[in-house]
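Before any comments, here is the structure.
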Amino acid sequence: MVLLTSVVAYFLATRAFRLEPRSLRSAITEALELFGLSIVFLVANLAVGTCLILSARALSGRFLSVYWVNDSTLGLMSFLQAIVFHCWRRQAR
């Protein structure tokens, strides 16, 4: 399924949008860079969230579950952070 849509996107990009096939390698490299950056933001967000919960647990004396950090939107928000940071860095070049 993913292979089929990738092939269709390739032919659409090269035929309809007249994109150069040679620039695909740099686009893949940039996408992998963006993926790695989103992983860095995800790990940082998880670390900060865990530290905040453990600090609140220590200060309040109440039990607060670390599972609060295990939210499905955290990955999406980390990816959004990575996109914004990547675009900002690219504009600065």
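Every number in this text was worked out from the coordinates using simple rules, so none of it is lab data. All values reported here derive from a predicted model rather than from experimental measurement. So basically every Cβ, Gly included, is an ideal-geometry build from the backbone, and we count neighbours across all protein chains shown.
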Here are some residues: SER6, SER38. Which one is under 23 Å from the mean Cα position of the chain (by Cα), surrounded by 11 or more Cβ atoms within 10 Å (Cβ to Cβ) and not aliphatic (A, V, I, L, M)? SER38
Top-ranked residue in the range 71-87 [being under 17 Å from THR29 (Cα atoms) and touching a residue at least 24 places away in the same chain (Cβ under 8 Å); ranked as surrounded by the most Cβ atoms within 10 Å (Cβ to Cβ)]: ALA82
Collect the residues in the range 41-63 that are surrounded by 10 or more Cβ atoms within 10 Å (Cβ to Cβ) and either touching a residue at least 40 places away in the same chain (Cβ under 8 Å) or of a type in the set (D, E, K, R) (or both), keeping them in residue-number order. PHE41, ARG57
